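Notes follow the structure.
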Amino acid sequence: MFKKTIVSLTAFAFLAGFAGINSAMAETDKGPAEMVLQATVDAAKKAKPATFPHKKHQDNAEMKMTCGDCHHTKDADGKQVAYTDGMKIEKCETCHNKAAGLKKEIATFKDAAHTNCKGCHKDKKKGPTKCPDCHKGSSDKE
């Protein structure tokens, strides 16, 4: 009896551990490892694209980020709705554009990225805050 219990518990622990590893892998495999972000609405200014290490932000436990920290949508009243699993991820400019009437800090994709990304890096005193850190080949005046 005792031997069967030990074998059963060992098998259960193995399967539970495998399921945990599998779900953890699935959680970190969402989205590309690295992204190149380029504003398209205001392309006349020819801003250099920004390189964004998506997987690094997902995997860094110190950052404690969730998908909803960046991804969201809006409801029929125009209010922000937090990300939920399976939600279609739209381009940021779908909402963050001059015609949307958002507050200045997030009115455009560039404004939202600079406010949220640079703001977070400054708050945490970690991560890039200068233009060439993200916009490869640019000066520090973007």
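Please treat every number below as a calculation from the coordinates, not as lab data. The shown structure was predicted, so the numbers you read here are calculated from the model rather than taken from an experiment. Here the Cβ is made from the backbone with ideal geometry for all residues, glycine too, and neighbour counts use every protein chain on show.
Please arrange His135, His121 by counting, for each residue, the other beta carbons lying within 10 Å of its beta carbon, fewest first.
Placing the least packed residue first, the sequence is His121, His135.
Cross-link list Lys48/Lys124; Lys88/Lys136; Lys74/Lys103; Lys55/Lys126: which exceed 19 angstrom alpha carbon to alpha carbon?
Lys48/Lys124; Lys88/Lys136
Quick check: net charge around Thr73, other residues with Cβ under 11 Å of its Cβ, Lys/Arg +1 and Asp/Glu -1?
+1
So how do Asp85, Asp69 line up by other beta-carbon neighbours within 10 Å, fewest first?
Asp85, Asp69
From zero up to wherever the largest Cα-Cα distance of the stretch 32-134 sits, split into 10 Å bins and tell me the percent of pairs in each.
13, 46, 36, 6
Considering amide H positions built from the backbone, and no H for Pro or chain starts, which residues 5 or more places from Met35, or on another chain, come under 5 Å of its amide H?
Sorted by chain and number, the residues that satisfy this are Phe52, His54.
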